[in-house]
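Taking it in order: structure first as structure tokens, then the write-up.
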């Protein structure tokens, strides 16, 4: 969602990041039951998710506060670096 | 709580920082944590990541709304359209082999990253925050 907003809709990087974060909430809520109920067993590990959440909600607050304090270009370059690392990882070791 | 559990919490913290900071909801970080770090299958990792994303994005999203970073109009369209797309995407993901899914996803990310990097590189370094639309 972030690259699409920045490249095609001309949205600024800060707005794109924040929009994506908020828009992902209904998206995740909609997709979750599909993963949970479609197979004979749930494709969701709730225990593991809970542990991730304990750490991630604290981290998300810290990260969101950081977002307001960094210039546009540096923010874009950080996003690019993260997308590249994860993208190459998925391509080479799927 | 075991040491393994504590490790998951710490990994979750760093994924959360990344999520709140660059707005990825956490999935881009949660999924590799599970597939690489904890040997989850791709589908189980994606499903579990969705569950963790909801509270993470809520906590990261609220300060952003308060600080005026969120364009609520486009946000609503993306969230609404995305929710419909997500159900179709999730159904597709359950029936497409995991490695193929991961490669397609990886190719998208790399292509977008290269284009965004090129655009950012061309902009003057002094470019600050975009004005509110």
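Here, each number is a calculation from the coordinates, and none is a lab measurement. The structure presented is a predicted model; accordingly, all values stated were derived computationally and were not measured. Heads up, the Cβs are rebuilt from the backbone with ideal geometry, glycines too, and the neighbour counts pull from every protein chain shown.
For region B:54-119, report the translational diffusion coefficient in µm²/s to the nearest whole number, using Stokes-Einstein at 25 °C, 0.890 mPa s, and a Kirkwood Rh over Cα pairs. If you can, show how the numbers build up before the last one.
Values: Rh = 14.6 Å.
Translational D for this selection: 168 µm²/s.
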**Prompt:** When the C-alpha atoms of region B:3-71 are aligned to their principal axes, what extent does each axis show, in angstrom, from largest down?
**Reply:** 39, 25, 16
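According to the Cα gyration tensor, what semi-axes, each the square root of 5 times an eigenvalue, does the equivalent ellipsoid of the protein assembly as shown have, listed from largest to smallest in whole Å?
Working: eigenvalues 144, 70, 60 Å².
The equivalent ellipsoid of the protein assembly as shown has semi-axes of 27, 19, 17 Å.
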**Asked** Across bins of 5 angstrom width beginning at 0, how are the C-alpha pair distances of region A:2-92 distributed, in whole percent?
**Response** 3, 11, 14, 19, 21, 18, 10, 5, 1, 0
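To the nearest whole number, what is the average tally of beta carbon atoms from other chains within 10 Å of the beta carbons of peptide A:38-45? Don't skip to the answer; put the middle values down first.
Values: counts 7, 4, 0, 1, 4, 13, 9, 10.
The shielding value for this peptide is 6.
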**Request:** Could you work out how far helix B:72-95 tilts from the main Cα principal axis of chain B, as a 0 to 90 degree angle to the nearest 10?
**Result:** 30 degrees
**Request:** Give the Rg (one decimal place) followed by the Dmax (whole number) of region B:33-90, computed from C-alpha coordinates and expressed in Å.
**Result:** 14.3, 40
**Request:** Could you state the angle between the C-alpha long axis of helix A:72-92 and the longest principal axis of the C-alpha atoms of chain A, as a value from 0 to 90 degrees rounded to the nearest 10?
**Result:** 40 degrees
**Fill in**
A chain fully extended from residue A:70 to residue A:85 at 0.36 nm per residue, minus the present Cα-Cα distance, gains in nm 3.3 nm
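State, as an integer percentage, the relative contact order of region A:2-92 based on alpha-carbon contacts under 8 Å between residues 6 or more apart.
Working: 24 pairs, mean separation 25.8, N = 91.
Computed value for region A:2-92: 28 percent relative contact order.
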**Prompt:** Per-residue ellipticity at 222 nm for chain A, helices alone: DSSP H runs ≥ 4 residues times -39500 (n - 2.57), over residue total, nearest 500 deg cm²/dmol?
**Reply:** -27000 deg cm²/dmol
**Complete:** At 20 °C and 1.002 mPa s, the Stokes-Einstein diffusion coefficient in µm²/s for chain B, with hydrodynamic radius from the Kirkwood sum on alpha carbon pairs, is 126 µm²/s
**Prompt:** Taking the Cβ-Cβ separation of residue B:62 and residue A:77 as r and a Förster radius of 41 Å, what is the calculated FRET efficiency to the nearest 0.05?
**Reply:** 0.95
